[in-house]
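Colleague: If you scroll down you'll find the structure; I have some questions about it.
The values are calculated or read from the model by the stated rules, or taken from the named source; none is laboratory data. This one's a predicted model, so the numbers in the text were calculated from it and none came from an experiment. Note that we place each Cβ from the backbone using ideal geometry, even for glycine, and neighbour counts take in every protein chain shown.
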C-alpha cells in the first residue's frame, strides 16, 4: 500500500520516518507532558506508600498522623499503653519525653515505643522547628 507524499511509491514506514524527522513535528512537548504525568503519578504512589495506618486501637482513642506527640502520648497512657525506654545510654533527645530516641544525620527520624498486653508499636516522630514532635506514622 502506498500513499501520496510527494514521492511516488513511498510506504507508510517512509511516511512515518519523514514525519518524525520533520522540523514541523516536535516531540519535545509530548516528552515533557509524559514526564510530568509520570512524576505526578509516581509522587502520589510514594505518598500513599509512606502514609502508614495507625492501629485501630489507637485511632479509636483519637491518635492521628500529624498530631502533636505530647497529645498522642497522653491519649496512649490514659488508655493503658506503657511507654518503652530506648535501649541506649546518654541523655534523652527530649527531656520532656525520655522514651523518645532520635537518630543522627540530615534524614534521621525520632521514635517512641509503646506496649500494652500482647501489642507493641513504635511511633515515628518528626521534630518541629519549635522543639516539639509530631506523629508521622507507626512501625
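Colleague: Could you tell me how many of the residues in the range 111-139 are more than 16 Å from the chain's Cα centre (by Cα), closer than 18 Å to residue 63 by Cβ and without any contact (Cβ under 8 Å) to a residue 24 or more places away in the chain?
Modeller: 3
Colleague: Let me ask something additional. For residues that are farther than 15 Å from residue 136 by Cα and surrounded by 13 or more Cβ atoms within 10 Å (Cβ to Cβ), tally how many sit in the range 51-73.
Modeller: Looking only at the range 51-73, we keep the residues that are farther than 15 Å from residue 136 by Cα, and these are 56-57, 60-61.
Imposing the further condition that a residue be surrounded by 13 or more Cβ atoms within 10 Å (Cβ to Cβ) reduces the set to 57, 61.
Total meeting the criteria: 2.
Colleague: Which ones in the range 92-122 are surrounded by 12 or more Cβ atoms within 10 Å (Cβ to Cβ), in a loop (DSSP other than H, G, I, E, B) and at pLDDT 90 or above?
Modeller: To start, the set of residues in the range 92-122 that are surrounded by 12 or more Cβ atoms within 10 Å (Cβ to Cβ) comprises 92-94, 96-102, 109-116, 120-122.
Now narrow it down to the ones that are in a loop (DSSP other than H, G, I, E, B): 92-94, 96-100, 109.
Correct list: 97, 98, 99, 100.
Colleague: Could you grab the pairs with beta carbons closer than 9 Å, sequence gap of 6+ or different chains, first residue in the range 66-78 and touching a residue at least 12 places away in the same chain (Cβ under 8 Å) and assigned by TED's automatic domain parsing to the domain that holds residue 112, second one part of a helix (DSSP H, G or I) and surrounded by fewer than 13 Cβ atoms within 10 Å (Cβ to Cβ)?
Modeller: Going by the 9 Å Cβ cut-off, there are no qualifying pairs.
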